[in-house]
1. Residues in the stretch 128-154 that are under 21 Å from Tyr107 (Cβ atoms) and out of contact with any Pro (no Cβ under 9 Å at 6 or more places or on another chain): how many?
2. If the Cβ limit is 8 Å and pairs must be 6+ apart or interchain, which residue in the stretch 28-55 that is surrounded by 10 or more Cβ atoms within 10 Å (Cβ to Cβ) pairs with which residue that is at pLDDT 90 or above and of a type in the set (Gly, Ala, Ser)?
3. Here are some residues: Asn129, Asn153. Which one is at pLDDT 75 or above, out of contact with any Asp or Glu (no Cβ under 8 Å at 6 or more places or on another chain), open to solvent by 30 Å² or more (accessible area, probe 1.4 Å) and outside any loop (DSSP other than H, G, I, E, B)?
4. Can you tell me how many residues in the stretch 56-67 are open to solvent by 50 Å² or more (accessible area, probe 1.4 Å), within 16 Å of the chain's Cα centre (by Cα) and not polar (S, T, N, Q)?
5. Of all residues in the stretch 61-112, which are at pLDDT below 60 and in a helix (DSSP H, G or I)?
Amino acid sequence: VHKESAVGLKSALCEEHEVVIVGHTAVTNSAREWLDEIETLAAERIASLRHSHEPHNIWWQTFWRRSWMHLNTEEEASNTAHKATSSPGGHGSAHVGGSVGVIERGYVYERFLSALSGRGQFPIKFNGNLFTTAKVPFDADFRQWGGMYWFQNTRWPYWNMLASGDAEFMAPFFE
């Protein structure tokens, strides 16, 4: 990457870009000292990302291979053997259409959300999960039913986890 202007960057033509943003707040004796510190932090962060990328990919590949379902219409089942298409996470659901496709894509979507939100310290939030939007005059963390966990609703995201092989996501619910 080479600098094009004070506010823009220009890179060589390529198919992929990786952007790493590193913040640093410190009181230093000089601007040069601050720059040296943030450059060191950036280098450490990039090295850490490169080191963690392979285990991250292996985790997701293992996750998607652990439990899956492929649905065919009667026509697809009688005409050809089912072949998974390549889609994010290695799961094949892009080819299925109609109501059968809705069911398969819904299963994949819910497992993906469970994997994103079920590995943290706290249970999955039933009223918005990880992704909510700002509702004026509130921020994106506002929940209509408040911030508490209501067991009657919180239990629902966990019901299918044992059957799909995702028992480790249940730990925050019981702890």
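1. The first filter runs over the stretch 128-154 and keeps only residues under 21 Å from Tyr107 (Cβ atoms), leaving 128-131, 153-154.
Adding the requirement that they be out of contact with any Pro (no Cβ under 9 Å at 6 or more places or on another chain) leaves 128, 130-131, 153.
The number of residues fulfilling the criteria is 4.
2. Pairs found: Trp34/Ala26; Glu37/Ala26.
3. Details: Asn129 fails: outside any loop (DSSP other than H, G, I, E, B).
None of the other options fit; the residue is Asn153.
4. Let us first name the residues in the stretch 56-67 that are open to solvent by 50 Å² or more (accessible area, probe 1.4 Å), namely 56-59, 61-62, 65-66.
Next cut, within 16 Å of the chain's Cα centre (by Cα) only: 56-59, 61-62.
Now narrow it down to the ones that are not polar (S, T, N, Q): 56, 58-59.
So the answer is 3.
5. Applying the first criterion (at pLDDT below 60) to the stretch 61-112 yields 80-96.
Correct list: Pro88, Gly89, Gly90.
The values are calculated or read from the model by the stated rules, or taken from the named source; none is laboratory data. Because the structure is a prediction, the values reported are computed rather than measured. Heads up, the Cβs are rebuilt from the backbone with ideal geometry, glycines too, and the neighbour counts pull from every protein chain shown. To get the accessible areas, we keep the full protein, side chains included, count just its heavy atoms, and leave off ligands, DNA and RNA. Shrake-Rupley method; radii C 1.70, N 1.55, O 1.52, S 1.80 Å.
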